[in-house]
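Here is the structure we will look at.
The values are calculated or read from the model by the stated rules, or taken from the named source; none is laboratory data. Predicted, not measured: the structure shown is a model, and the values here were computed from it. As a convention, Cβ positions derive from the backbone with ideal geometry for all residues, glycine included, and neighbour counts pool all protein chains shown. Surface areas here come from the heavy atoms of the whole protein model, side chains and all, with no ligands, DNA or RNA. Shrake-Rupley method; radii C 1.70, N 1.55, O 1.52, S 1.80 Å.
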Amino acid sequence: MKRIVGAVLAGLMTFGLVFGMAASLNLTSDSLGSATTVVAACQAGAMNATYTSTYTAAAPGPGYTVGTVTITGLAATCYSKPYRVTLATAAGASLGEATGTTPAAGTTIVVTFAPVVSAASVTAISVLISG
């Protein structure tokens, strides 16, 4: 009986200690806000991407790799804006990403990937022009 009473008292003391420590925690929160706005694309027409591939025996080879992507058909409304180009797998996993600024004139963006990407793995390309 003494053991049961002792165990109950020990449990109550532990609960009280934990509860007391939890009650002493302070938590504050910053405000949270959200908004939605419609954005227009700077590019109405289609662009075309071509790949420059090179055979390499080194990683990620052996095989062909993509080191440069040339994007043509850039509209003047997209000049001098930041871009991000991602090469991806069919599942959407990024294989490589390159960033830069679109040219101030002309219709072509030349994007260089470092390190190079295995050409056999590339099944999708995403281009983001913002600003």
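Points worth noting:
- Residue-normalised accessible area of region 30-131, given per residue in Å² at a 1.4 Å probe: 61
- Using the Cβ of MET47 as centre and a radius below 15 Å, the other residues enclosed give a net charge of +2, where K and R count +1 and D and E count -1.
- Probe 1.4 Å, all protein chains present, accessible-area order of TYR83, TYR55, largest first: TYR55, TYR83
- Stokes-Einstein, applied to the Kirkwood radius of region 20-112 over Cα pairs at a viscosity of 1.306 mPa s and 10 °C, places its translational diffusion at 92 µm² s⁻¹.
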